[in-house]
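The block underneath contains the structure these notes are about, expressed in structure tokens.
Only the coordinates and a few stated rules stand behind these numbers; no lab work does. Being a predicted model, the structure only gives us computed values, none of them experimental. As a convention, Cβ positions derive from the backbone with ideal geometry for all residues, glycine included, and neighbour counts pool all protein chains shown.
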Amino acid sequence: MSFQSLAALVECFRDLGATRVVAKRLAENDNSKQQIYLGGSFEVLQLLPHQSIRTEALGKRPNFKASLNFSWLSDHGTLSPAPHAQLILYPDYPEVRLSGFLRGCADSPNKHMRPVAGHARQHFNSTDGRVLFFAVTPSDQIIAYLALAANAIAQEFAHRADAGEFQAEGILLHVLHAGATSTKEQLLEKLSEIRRAGWHVSCRMNKHGEVIAYAAQNGGGYTLEALLGIKPNSEAAPDFLGWEIKAYGSSKVTLMTPEPDAGFYGEHGVKAFVKKYGHDAGDDVLYCLLYTSPSPRD
């Protein structure tokens, strides 16, 4: 048995319980030695379910690793677990790579994931025709299938990808979207993945998209944002898929800040407003009392 079309492969993924399938067009440097590059930011963590992120300090700055429930799908439709598969988050770059995806696996595409010797390279790290598919199930299992360049599936995929048929998210392409159709369902699905992964080490994402250790009292909110791939920001826009994300450890949660959104304040911001209307208290300190009232429309 071998899959003769992309539809046949997706149908097999569905039969195994997958609700989402993404794919990556591989390059020559995507191999067992150099690992598989999954992107220059940590947004991929929203697509591939993983266990809790752990810190590994090897140099000046720690790397972060997360184990995966990962298996390979053969052309015969059988699954072979890869118990050492993991994501490695390198904050220095930043980037995410897939590692350990062959070790300890009884039936993996080992010979097709070996490094290419320098003298034998033909594509010079551009895409080489191979396509790696990741199917995700509601139980957070990742099922991988490698289509070789000469395979009908890889050729069909390349043709349809070049035609812009698949939605891109980073360097991954969506082949089958999750069963969740609304942004609310997608958010709840992601929060469920985070909860099922168990306890998480406190961390936050800096402005460069790097996940770094963080141990302050407000680490809960920052950790949740990092796991959702949200960079800390002061923007009033919602955090994730149109939803504002809040973490709390008490009985009160601030849902909104009652600031004007029109007039001089709304047009120029709080700093300009205080400079214009504030009271000089000396020592370069300005005080300003701001009173707001409901809009006549409310």
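Place a +1 charge on the Cβ of each Lys and Arg in the range 103-176 and a -1 charge on the Cβ of each Asp and Glu, then give the dipole magnitude about the Cα centre in debye, rounded to the nearest 20. Mind showing how you got there, number by number?
Details: 6 positive and 7 negative charges, 83 e Å.
The calculated dipole for the range 103-176 is roughly 400 debye.
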> HN-Hα J couplings of the range 156-168 from phi, Karplus 6.51/-1.76/1.60, θ = phi - 60°, integer Hz, Gly and Pro as x?
Replying inline: 5, 4, 4, 4, 6, 5, 5, 7, x, 6, 9, 6, 8
>> Quick query: amide H of residue 28 versus all other amide H atoms, modeled in the peptide plane; which residues come in under 5 Å with a sequence gap of 5 or more or a different chain?
In response: 125, 126, 128
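How long are the three semi-axes of the equivalent ellipsoid for the range 59-118, computed from the Cα gyration tensor as the root of 5 times each eigenvalue, in whole Å, largest first?
Values: eigenvalues 134, 46, 14 Å².
Square roots of five times the eigenvalues give 26, 15, 8 Å.
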> Relative to the Cα centre, what is the charge dipole magnitude of the range 6-176, using +1 at the beta carbon of each Lys and Arg, -1 at the beta carbon of each Asp and Glu, and rounding to the nearest 20 debye?
Replying inline: 560
